[in-house]
Structure formats: C-alpha cells, structure tokens
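Visitor: Here's a structure for you.
The values are calculated or read from the model by the stated rules, or taken from the named source; none is laboratory data. As the structure is a computational prediction, the values presented were derived from the model and not from experiment. Every residue, glycine as well, gets a Cβ built from its backbone with ideal geometry; the counts of neighbours run over all protein chains shown.
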Amino acid sequence: MDSCLTFPQKPIPVSIAIVDSTVITAELLEQAFANHPEFKVLGCPRNAEELTRLITQEQPDIVIIKDSQRTGQLRPLALLNQIYELNPSVRSIVLSSNVTRNDIVAYFHAQARGILAADFTDFATLCQCIISVYQGQIWANSEQLVYLIESLSGSKSLNIVDSRGEPILSTREAEVLSLLADGLSNRGIAMALDLSEHTIKNHLFHIFDKLGVSSRTEAIAYALSRRVSKRNAS
C-alpha cells in the first residue's frame with residue numbers, strides 16, 4: 001500500500017500508542033503501521049498503568065483507543081480523561097464499533113480529537129484521521145457534528161477566558177462563536193446580528209486565530225467545552 005497522505009512539512013514520524021485489550025488486533029495495527037515510515041508505534045499498553053508510563057516517558061503524538069470493551073480500566077472515556085490529565089498535548093482518537101450519540105458527545109467533551117467506526121474504517125482512512133489530528137484538526141463526520149451542536153441546546157453563554165480569567169474574545173466575537181456553535185451558517189449569523197457576511201468572515205478569522213483553531217468544526221468543539229448553561233450561570 002502506498003503512503004496514506006502527503007505528509008506535512010514537520011519532523012517525522014508521527015509517534016503512536018495503541019490501546020486495545022485485544023492483543024491480536026493491536027498487533028495487527030502495529031504491523032500495518034510498520035509498513036509506513038511516516039508512523040512509529042511506541043507501544044501497545046494493555047492497562048492504565050502501562051499507558052501512564054508510556055505517556056510520561058515516551059510522550060506519543062497520538063493515542064489510538066480501540067473500544068473493545070465497555071467495562072474495566074480500558075473504557076475510552078476513562079482513558080481520555082487520564083491521557084488529558086497526564087499530557088494535554090497528546091491527541092486521542094477513538095475507534096469504536098458501537099458508539100452512541102451520548103458516547104460521541106462525552107468523548108469529544110473529554111478531549112477526543114477524532115472518532116471512527118471501527119467496523120467501517122479502513123487503514124487508509126485511519127491514516128488520514130491520524131495525520132489530520134496530528135496537524136491540529138478535529139476528525140468528525142457531519143452526523144457527529146450535529147450531535148455536538150444539539151448537545152449545546154439550552155447552553156447559550158460562553159466562558160472563554162485566559163489563565164488570568166480575562167476574556168479571550170470580544171463581546172461580538174463571543175456572539176458570533178455562540179451562533180456558529182448553534183449551527184448557523186455565515187449568512188445566518190450575519191442575519192441574526194444584522195451584519196454583513198464579510199464582517200462575519202472577518203470575525204471568524206480573528207476567532208480562529210485567538211483560539212488557535214483552523215476550522216469551523218474545531219471552533220464548535222472548542223465552544224462545546226466552554227459552554228456554560230443558563231442554569232449553572234444563574
């Protein structure tokens with residue numbers, strides 16, 4: 001098989017950890033990556049302790065979590081929280097055969113950067129996902145994005161501040177991002193705020209720059225993690 005994608009102009013290879021309670025599938029994935037010099041598998045931890053040691057010592061770029069079971073210490077949600085607490089710069093991808101709407105929302109809340117259906121994902125697509133996530137993007141299909149947007153229902157205010165508690169966005173930018181997270185197009189946002197589409201594009205450019213994101217999907221995911229419900233705010 002040829003290389004999955006033209007690789008970005010960054011040091012290679014991308015380092016990967018594979019978490020899967022089923023030894024044979026982890027080994028098959030490891031063997032597949034061995035044929036592609038743009039990737040390097042650092043290890044296949046079998047439990048939370050091994051994962052902690054690998055992340056602490058090796059600091060992989062990407063962790064692939066294969067959802068082979070919903071119980072025990074290898075549950076994806078628990079692992080995502082563990083990984084983020086150990087090293088927020090490590091980016092996680094979940095492979096799941098039976099992911100539900102609630103799973104999708106919970107995984108992205110827990111800082112997953114990509115979710116793939118294990119039974120319907122070929123190796124080339126997995127490679128594309130890894131490189132996209134490595135480049136700082138979020139891998140989500142349209143259905144998953146709808147779930148994220150719908151999960152924001154009833155949560156209308158944004159709480160985006162820096163380490164000192166100071167707002168990162170201007171009041172207008174926060175309004176634009178909130179409407180974007182509600183699923184509105186640029187035209188819809190412009191109509192809601194009585195502004196031109198050109199002005200909205202400029203606001204989005206500044207929002208993306210301030211938040212360090214590069215796409216609407218990433219901005220929506222960022223807003224999702226910062227949304228404060230009216231109930232909690234009151």
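Visitor: Taking the range 80-114 as the search range and keeping residues that are crowded, with 23+ Cβ neighbours inside 10 Å and not in a strand (DSSP E or B), which one is modelled with the highest pLDDT?
Guide: Per the criteria, the residue is I83.
Visitor: Would you confirm, using the coordinates I've provided, whether G165 is in a loop (DSSP other than H, G, I, E, B), not assigned by TED's automatic domain parsing to the domain that holds G136 and not hydrophobic (A, V, I, L, M, F, W, C)? If you could, list the steps in order and put the result at the bottom.
Guide: Details: in a loop (DSSP other than H, G, I, E, B): yes; not assigned by TED's automatic domain parsing to the domain that holds G136: yes; not hydrophobic (A, V, I, L, M, F, W, C): yes.
Here the answer is yes, as G165 does meet what is asked.
Visitor: Looking at R91, R75, R53, can you tell me which residue is more than 16 Å from the chain's Cα centre (by Cα) and closer than 21 Å to V14 by Cα?
Guide: R53 is the lone residue from the list that is more than 16 Å from the chain's Cα centre (by Cα) and closer than 21 Å to V14 by Cα.
Visitor: Quick one: in the range 189-234, which of the residues that are over 20 Å from I104 (Cα atoms) and touching a Leu at 6+ places or on another chain (Cβ under 7 Å) is modelled with the lowest pLDDT?
Guide: A192
Visitor: List every residue pair whose Cβ atoms sit under 7 Å apart, with the two residues 6 or more apart in sequence or on different chains, where the first one lies in the range 182-195 and is closer than 19 Å to L224 by Cα and the second, anywhere, is surrounded by fewer than 16 Cβ atoms within 10 Å (Cβ to Cβ).
Guide: Short answer, once both residue conditions are applied: L184/A192; N186/E197; N186/K201.
Visitor: Any chance you could count how many residues in the range 134-153 are over 18 Å from R91 (Cα atoms) and of a type in the set (F, W, Y)?
Guide: 1
Visitor: Additional query: Which numbered condition trips up L184, out of (1) surrounded by 18 or more Cβ atoms within 10 Å (Cβ to Cβ); (2) under 23 Å from Q135 (Cα atoms)?
Guide: So L184 meets the others, but not (2).
Visitor: Can I ask one more? Out of all the residues in the range 187-218, which are loosely packed, with under 15 Cβ neighbours inside 10 Å and under 17 Å from Q137 (Cα atoms)?
Guide: F205, D209, G212, S214, S215
Visitor: If you take the residues of the range 49-79 that are assigned to a helix (DSSP H, G or I) and under 21 Å from L28 (Cα atoms), which of them is modelled with the lowest pLDDT?
Guide: Once the filter is applied, the top-ranked residue is L74.
Visitor: Exactly one of (1) modelled with pLDDT of 90 or more; (2) surrounded by 18 or more Cβ atoms within 10 Å (Cβ to Cβ); (3) farther than 22 Å from Q82 by Cα is unmet by T125. Its number?
Guide: Answer for T125: the failing condition is (2).
Visitor: Can we say T171 is out of contact with any Leu (no Cβ under 9 Å at 6 or more places or on another chain) and not small (G, A, S)?
Guide: So T171 passes the test.
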